[in-house]
Amino acid sequence: MRKIAILGSTGSIGMNTLDVIRAHPDRFQVVALTAGKQIERLAEQCVEFKPALAVVATAEGASRLTQLLYTRNIKTQVLYGPDALVTAVTDSACDTVMAAIVGAAGLVPTMAAAKAGKRVLLANKEALVMSGNLFMQAMKEGGGELLPIDSEHNAIFQCLPNQFTKSSPDQIEPLGVEEFWLTASGGPFRNKALTELSTITPEQACAHPNWVMGRKISVDSATMMNKGLEVIEAFWLFGLPLEKIKVLIHPQSVVHSMVRYRDGSVLAQLGQPDMRTPIAYGLAWPERIHAGVAPLSLIQLANLSFFEPNFSQYPCLNLAFSAARAGGTAPTILNAANEVAVAAFLDEGLPYLEIATVVERTLNTLAPVPANSLELILQVDEQARQIANKIIRDTKP
Ligand code: NAD
Ligand code: MG
């Protein structure tokens, strides 16, 4: 029986994870669930999965959840706050942690899972973007298994030889790997010029053509900041040099990514655009289990197409590449400014095209330094947020 803790169980990835777990009660037991604000949904999950522990963001949330569980006679212990997220990982007797909190809020508990030697199912790419080197080191020292859930990285992981998991990332090139091709749908505005996007609304930006996801990652997919974060994620996960990580637009989202080898072979992983496939792969690895995903029919798909992204159409992709090249805390700054700008776009009417401007100006204001400790990374994250917020305030009409 695998004992699972889910960080972010009420989100898109969290619910898909519970959906896979629900179908395999003989294999998986949920021991801890955590959420930010969706207390009713978390209460329902506790009623169904009866975890020993549930964690929410605030004291009010905790008392509401306690009340809801009391009326249903559920004995789950309820805690709240950032430290309790770490408790959910370290004290819940879990052996596997689904890291599916969105954004920087997931960094500390995900890092705790790495240090504690858990099997870490990593969906929370922002955590790795912020802390790359330290996180990979923590995984190594903890001795657990890191399985990527982001569909592109899961695809690459599936296309690498088995020796990969037994070797350290700096040994990927001897395995004959020449390049990664990360596929990207291009988002909902793929066929629009940048100049046509000034009046884009949150609803339009969140309407992804192929995937149903949380709001933040949906906006990131529209700007392609998501692909930029994923390039950095791939760099840390697999240790391939940045210049060997390529982005390909593939509007159908069927080929989830590819690995090109030195002998001319290109290995790809294909599937429906359904996150339950990579989630099931991570939960059961190295076995394969039913994920509830419809079989793929290549015959029903009229065609698959691939082309190079037009970088001038996606300024956020450019910014991510330059932050990746700059290294140190530059990706931390990029990520923090992007989180602030996307939240302002979603909730405060920041114009869509200003997302890239806010990120660029924050990167130009705060110089990167070596990312030596978690404390420093959290400090830089906070500083970058303050700068990005000020830029947004100053540009308000
Ligand atoms: P979501 O917004 O649907 O869910 C986020 C979860 O995090 C929710 O359970 C929420 O309650 C929790 N949360 C948010 N802020 C919190 C806080 N401060 N403290 C505690 N909990 C908090 O997001 P999602 O789409 O499920 O994405 C989750 C992560 O997975 C992101 O990092 C995203 O980039 C990554 N990811 C998602 C998909 C996808 O298909 N949705 C695909 C690849 C990667
Ligand atoms: Mg992805």
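Every number here is computed from the coordinates shown, using simple stated rules; none is lab data. Owing to the predicted nature of the structure, the values given are computational and were not obtained by experimental measurement. Quick reminder, even Gly has a Cβ in these numbers, built from the backbone with ideal geometry, and neighbours come from all protein chains shown.
In a DSSP loop and with at most 11 other Cβ atoms within 10 Å, the trypsin sites (Lys or Arg not before Pro) in the stretch 214-293 are R262, R288.
For trypsin sites (Lys or Arg not before Pro), the sites in the stretch 26-126 that DSSP calls loop and that have at most 16 other Cβ atoms within 10 Å are R27, K37, R72, K75.
Computed over the chain with a Gaussian network model linking Cα atoms closer than 10 Å, the most mobile of P241, P25, P273 is P25. The ranking of H208, H250, H290 by Cβ neighbour count inside 10 Å, starting from the fewest, reads H290, H208, H250. Close amide H contacts of E179 (hydrogens built in the peptide plane, cut-off under 5 Å, sequence separation of 5 or more or a different chain): R260.
Expressed in nm², what is the orientationally averaged projection area of the convex hull enclosing the Cα positions of the stretch 197-348?
On the way: hull surface 45.3 nm².
It is 11.3 nm².
Quote the relative contact order of the chain in percent (integer), defining contacts as alpha-carbon pairs under 8 Å separated by 6+ residues. Please list the in-between numbers first.
Numbers: 738 pairs, mean separation 56.1, N = 397.
Relative contact order for the chain comes out at 14 percent.
Principal axis analysis of the Cα atoms in the stretch 2-148 yields extents of 46, 34, 25 Å, listed in decreasing size.
How high is the relative contact order of the stretch 327-395, in percent, counting Cα pairs under 8 Å that sit 6 or more residues apart?
Computed over the stretch 327-395, the figure is 48 percent.
Close amide-amide hydrogen proximity is noted between T34 and I6, G8, S9, V55, each under 5 Å apart and 5 or more residues distant or on a separate chain (H modeled in the peptide plane; Pro and chain starts excluded).
In order along the stretch 366-379, phi translates into HN-Hα couplings of 10, 7, x, 10, x, 8, 8, 8, 4, 4, 5, 4, 5, 5 Hz, rounded to whole numbers, per the Karplus curve 6.51 cos²θ - 1.76 cosθ + 1.60 with θ = phi - 60° and x for Gly and Pro.
Which GluC sites (Glu not before Pro) from the stretch 314-397 combine a DSSP loop assignment with at most 10 other Cβ atoms within 10 Å?
Working: sites: E339, E348, E354, E360, E375, E382; in loops: none.
Of the GluC sites (Glu not before Pro), not one in the loops of the stretch 314-397 has a Cβ with at most 10 other Cβ atoms within 10 Å.
Based on DSSP H segments of at least four residues, each scored -39500 (n - 2.57), the chain has a per-residue ellipticity at 222 nm of -14500 deg cm²/dmol. Summing Lys and Arg as +1 and Asp and Glu as -1 over all other residues whose Cβ lies under 11 Å from the Cβ of R262 gives a net charge of -3. Just checking the listed ones, A323, A127, A193: in the Gaussian network model of the chain with Cα springs under 10 Å, the one fluctuating most is A193. Within the chain, antiparallel bridges make up roughly 25 percent of the DSSP beta bridges whose residues both belong there. Roughly speaking, what % of Cα-Cα pairs in the stretch 327-395 are separated by over 13 Å, rounded to a whole number? For the stretch 327-395, the share of Cα pairs beyond 13 Å comes to 57 percent.
Residue order for D381, D394, fewest other beta carbons within 10 angstrom first, comes to D394, D381. At a Förster radius of 22 Å, what calculated FRET efficiency corresponds to the Cβ-Cβ distance of N318 and T365, to the nearest 0.05? Here the calculated transfer efficiency is 0.80.
A straight Cα-to-Cα reach below 16 Å connects K118 with the aspartates and glutamates D91, D95, E141, E145, residues fewer than 8 places away in its own chain not being considered.
When only alpha carbons of the stretch 84-233 are considered, Rg and Dmax amount to 17.2, 53 Å. Taking each of K115/K216; K125/K227; K125/K244; K3/K50; K3/K115; K140/K246 in turn, the alpha-carbon distance tops 22 angstrom for K115/K216; K140/K246.
Averaging 1/r across all pairs of distinct Cα atoms in the chain and inverting the result yields a Kirkwood radius of 21.4 Å. Could you identify which residue out of A43, A54, A337 has the top mean-square fluctuation in a GNM of the chain using Cα springs shorter than 10 Å? In the Gaussian network model the winner is A43.
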